[in-house]
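Please see the structure below; I have some questions.
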Amino acid sequence: MLPISNTASSDQPANSKPKTPEVLGRKNLFNTLKPYLSFHHRRLWFFLAVVLLQLLLLLSAPSIPLYRSTAGTPNPSPTSTSIATTSIISTINNNSTTSGSCPDGKVYIYDLPPLFNSEIVKNCHDLNPWSSRCDALSNSGFGKRATGISKVVPDNIRPAWFWTDQFSTELIYHNRMLNYRCRTLEPESATAFYIPFYTGLAIEKYLFTSNSTAKERDQYCKMMLDWVSDQPYLKKSNGWNHFISMGRISWDFRRSKEEDWGSSCIYMPKMRNITRLLIERNPWDYFDVGIPYPTGFHPSSATDVINWQEFVRTRRRNTLFCFAGATRGIIKNDFRGILLNQCYNESDSCRVVDCAGSKCANGTSEILSTFLDSNFCLQPRGDSFTRRSIFDCMVAGSIPVFFWHRSAYLQYEWFLPIKPESYSVFIDRNEVKNGTSIKSVLENISKEKVMKMREKVIEILPNIVYAKPNEGLEGIKDAFDVAVEGVLRRIKEQDGGYKWK
């Protein structure tokens, strides 16, 4: 027979614990408050309802990082403030990344022999016949921290600026890929396969050596393709789900004759179906994807991005348009010469940075200062159809003026707005050659239109810069994220479709 507890009262379950003084205290407190919780006390219930409503509003509001305006900048108008707020929300929401979320699949990185990447960087002193490339390739491809820009860049954003070389994307992409949130160490679960071969750096030494042979310019690419083609995953897909970053323009890898410039890497049969990320693509080659040139701005946080956006948005611009570049003396009727002449003739409206000297070299702030002070920046073709200056201009919040469709519109579709007129101006080069005044064209654009175009440039700024952390930015997609997610989507879309071998 079980013993009968002398402590259990008749109204308490036998398995309940005896009430402690703390419990008794809470009960007494409730009894004390009970009269005030009656529905007859309308003031108390009204107060509680107001508090509850405030809590609901607070919890339902979107989380938006705050930015701090730079001292000394003019206050934006109410209209521009409204547009700016929309742009900030768009930057965070439309460019958001969710940690661990990989809806388009994951990437497997091949562990290539060091010959194809790290050893090339170790020999940085020998990559260029004129000077060492070691500073340019340091710091995971970002280069040395920018100095001498204190008069141009606010103190709170200066650590995000570097002297980055335009041909460094191979290092930048490789280091980011190693820490990519959608990287997998199991090739069986991969949607895409990344080949970390420093193609552009491998041929640089031979591009600028007068006595180099076609065999020397092709050797590294050929060896890499032989190695990769032995891997079971390339054999299975014939390369359709493989991709590579190539840190130069497409034409440097498209040599068709032995005596011509560059390497024939892209024309090698084993490269045929591999997607290639290039700073300039061949618009008629499906496997070429144009990616932004690296600029000097590499934000380390979402706050860096938003602070810089606010700085360029509120910057006082005293010049209508500008041009940074040099003439090509060996080219007959050089178009750059025409632009320079128009600028010099309209010196009250156009600012020139003549790059014939060293003003445009890394280590100077002249170009950045010019772009920051100008509403528009002229962007003719460079040595090829594109130039890094396009992205330097846009990062500074200046509106690009193009003269060739292939300079941007047919190059960077994943990164720039669908409607070119929303962020840029196009003037046919032949009209300029026939006497059209660039100043007149730009002056006829209303202030409201200029403001909207600049806001669009500022809005897409995260898409065209490469973040400093190897893990990327929390809540914002940068150029790397846009590029790799685009590759993954293309590979998924190809599944089940026709693929040649």
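Looking for something among the charged types (D, E, K, R) and crowded, with 18+ Cβ neighbours inside 10 Å - is there at least one such residue anywhere in the range 347-368?
Checking the range 347-368: at least one residue is among the charged types (D, E, K, R) and crowded, with 18+ Cβ neighbours inside 10 Å.
If you don't mind, another one. Can you name the residue in the range 401-415 that is among the hydroxyl-bearing types (Ser, Thr, Tyr) and out of contact with any Gly (no Cβ under 7 Å at 6 or more places or on another chain) and, of all such residues, is surrounded by the fewest Cβ atoms within 10 Å (Cβ to Cβ)?
Tyr409
Another question, then. I'd like to check something: does the range 309-318 contain any residue that is β-branched (Val, Ile, Thr) and modelled with pLDDT of 95 or more?
yes
Identify, from the list Ile464, Ile438, Ile458, Ile476, the residue that is surrounded by 14 or more Cβ atoms within 10 Å (Cβ to Cβ), under 16 Å from Ile306 (Cβ atoms) and in contact with a Leu (Cβ under 9 Å, 6 or more places away or on another chain).
When all the criteria are applied, what remains is Ile464.
Name the pairs whose Cβ atoms lie under 7 Å apart, with the first residue in the range 131-142 and in a loop (DSSP other than H, G, I, E, B), the second crowded, with 18+ Cβ neighbours inside 10 Å, and 6 or more positions between them or separate chains?
Arg133/Leu127; Phe142/Phe162; Phe142/Thr164; Phe142/His298; Phe142/Lys468
Gln219 is checked against (1) part of a helix (DSSP H, G or I); (2) touching a strand residue (DSSP E or B) at 6+ places or on another chain (Cβ under 8 Å) and fails just one. What number does that condition carry?
(2)
Residues that are modelled with pLDDT of 95 or more, over 23 Å from the mean Cα position of the chain (by Cα) and not hydroxyl-bearing (Ser, Thr, Tyr): list the helices (runs of 4 or more DSSP H) wholly contained in the range 383-501 that include at least 3 such residues.
429-433, 438-443, 447-459
Quick one: is Ser398 among the small types (Gly, Ala, Ser) and touching a Phe, Trp or Tyr at 6+ places or on another chain (Cβ under 8 Å)?
yes
Let me ask another. Take the residues of the range 261-283 that are assigned to a loop (DSSP other than H, G, I, E, B) and touching a helix residue (DSSP H, G or I) at 6+ places or on another chain (Cβ under 7 Å): which is surrounded by the most Cβ atoms within 10 Å (Cβ to Cβ)?
Residue satisfying both the conditions and the ranking: Ser263.
Here is a follow-up. State all residues of the range 91-120 that are at pLDDT below 85 and of a type outside the set (A, V, I, L, M); if no residue qualifies, say none.
Selection gives Thr91, Asn93, Asn94, Asn95, Ser96, Thr97, Thr98, Ser99, Gly100, Ser101.
A further question on this structure: Any idea which of (1) part of a loop (DSSP other than H, G, I, E, B); (2) at pLDDT 95 or above; (3) under 26 Å from Phe371 (Cβ atoms) is the one Lys151 doesn't satisfy?
(2)
Please verify whether Ile338 is surrounded by fewer than 20 Cβ atoms within 10 Å (Cβ to Cβ) and either at pLDDT 95 or above or not in a strand (DSSP E or B) (or both), treating the condition exactly as stated.
Against the criterion (surrounded by fewer than 20 Cβ atoms within 10 Å (Cβ to Cβ) and either at pLDDT 95 or above or not in a strand (DSSP E or B) (or both)), Ile338 qualifies.
The values are calculated or read from the model by the stated rules, or taken from the named source; none is laboratory data. For clarity, every value in this text was computed on a predicted model and none was experimentally measured. FYI the Cβ positions are ideal-geometry reconstructions off the backbone, even for glycines, and counts take in every protein chain you see.
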